[in-house]
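Reviewing the structure listed below.
The values are calculated or read from the model by the stated rules, or taken from the named source; none is laboratory data. Given the structure is predicted, the values throughout are model-derived calculations rather than measurements. Heads up, the Cβs are rebuilt from the backbone with ideal geometry, glycines too, and the neighbour counts pull from every protein chain shown. Accessible surface is based on the protein model in full, side chains and every heavy atom, while ligands, DNA and RNA are left aside. Shrake-Rupley method; radii C 1.70, N 1.55, O 1.52, S 1.80 Å.
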Amino acid sequence: MTPLTKSLPTGLAQVEQEIARACKEARRERASVTLIAVSKTFDATAISPVIDAGQRVFGENRVQEAKGKWPALLSACPGIALHLIGPLQSNKAKEAVALFDAIHSVDRPSICEALAKEINAQNKRPELFVQINTGEEPQKAGIAPGDADAFIVSCREKYDLVISGLMCIPPVDEAPAPHFALTAKIAARNGLKHLSMGMSADFAVAIQFGATHVRVGSAIFGKR
């Protein structure tokens, strides 16, 4: 990763300071946490200053939106890693595998099948995270915690997918810590090292519970 320059946009600088503080409190190295700057809904004019400051990992929620703005940015600045952090539809798997370096929303057999097909066809292996619906919220994507172990086995054995870690989005009206702890526990017993946990409001808490990837948008780019 390219080190961040000293002259940072205000939001990015504050987030970097908070990550460093949280890592110090958790007795972790700063390098153990990847900051994903979530650029969904923001255009190239908002993203370019963050790239210029040295940020190299970005997150998008929708394949179509990312397709519209990132090819030109990637051409101008090679070395950027793009993460899909929003729900993925099976019919978008081909485009997702082609564009993204990581996909955080593996959560059902149809997605596994589509991803396996495209990974083989394109000979490209994005990093894959299984999304856990820790609050078992009906409106939210993700595997229920009680089904997670069997689903991870299926990803590996039935679809030959390499799963790098887990992702969760705690319910907005609940304390995030128990949800981060649950996700970390599921990851540990399945031998998964990466945890995509924490957003603008709670990434410091997530770091305390072992997050390796934090997804921060509004604290960097401002309100949408």
Looking only at region 125-139, filter to residues that are under 12 Å from C168 (Cβ atoms) and open to solvent by less than 50 Å² (accessible area, probe 1.4 Å); which one of those is nearest to the chain's Cα centre (by Cα)?
F129
Out of the residues in region 69-99 that are small (G, A, S) and out of contact with any Asp or Glu (no Cβ under 9 Å at 6 or more places or on another chain), state the one that is nearest to N123 (Cα to Cα).
G79
Can you confirm whether region 157-167 contains a residue that is free of Cβ contacts under 8 Å to residues at least 24 places away in the same chain and in contact with a strand residue (DSSP E or B) (Cβ under 8 Å, 6 or more places away or on another chain)?
no
Take V172 and decide whether it is open to solvent by 20 Å² or more (accessible area, probe 1.4 Å) and either in a helix (DSSP H, G or I) or hydrophobic (A, V, I, L, M, F, W, C) (or both).
yes
Leading residue by the ranking (nearest to S218 (Cα to Cα)) among those in region 29-63 that are touching a strand residue (DSSP E or B) at 6+ places or on another chain (Cβ under 9 Å), among the charged types (D, E, K, R) and open to solvent by 30 Å² or more (accessible area, probe 1.4 Å)
K40
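For region 3-17, give me each residue that is modelled with pLDDT of 60 or more and either assigned to a helix (DSSP H, G or I) or closer than 15 Å to S32 by Cα (or both). I'd like the intermediate steps shown before the answer.
Of all residues in region 3-17, those modelled with pLDDT of 60 or more come to 9-17.
Residues satisfying the conditions are T10, G11, L12, A13, Q14, V15, E16, Q17.
How about region 148-164: which of its residues are small (G, A, S), open to solvent by less than 60 Å² (accessible area, probe 1.4 Å) and closer than 20 Å to E136 by Cβ?
So in region 148-164, the residues small (G, A, S) come out as 148, 150, 154, 164.
Adding the requirement that they be open to solvent by less than 60 Å² (accessible area, probe 1.4 Å) leaves 148, 154, 164.
Matches in region 148-164: A148, S154.
If I ask for residues that are open to solvent by 10 Å² or more (accessible area, probe 1.4 Å), in a helix (DSSP H, G or I) and out of contact with any helix residue (DSSP H, G or I) (no Cβ under 6 Å at 6 or more places or on another chain), which ones from region 183-204 would you list? Before the answer, list the steps.
Step one: filter region 183-204 for residues open to solvent by 10 Å² or more (accessible area, probe 1.4 Å), giving 184-185, 188-195, 199-204.
Filter again for in a helix (DSSP H, G or I), leaving 184-185, 188-189, 203-204.
The answer is A184, K185, A188, R189, F203.
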Looking across region 205-224 at residues that are open to solvent by 50 Å² or more (accessible area, probe 1.4 Å) and assigned to a loop (DSSP other than H, G, I, E, B), the single one that is farthest from T41 (Cα to Cα) is F209
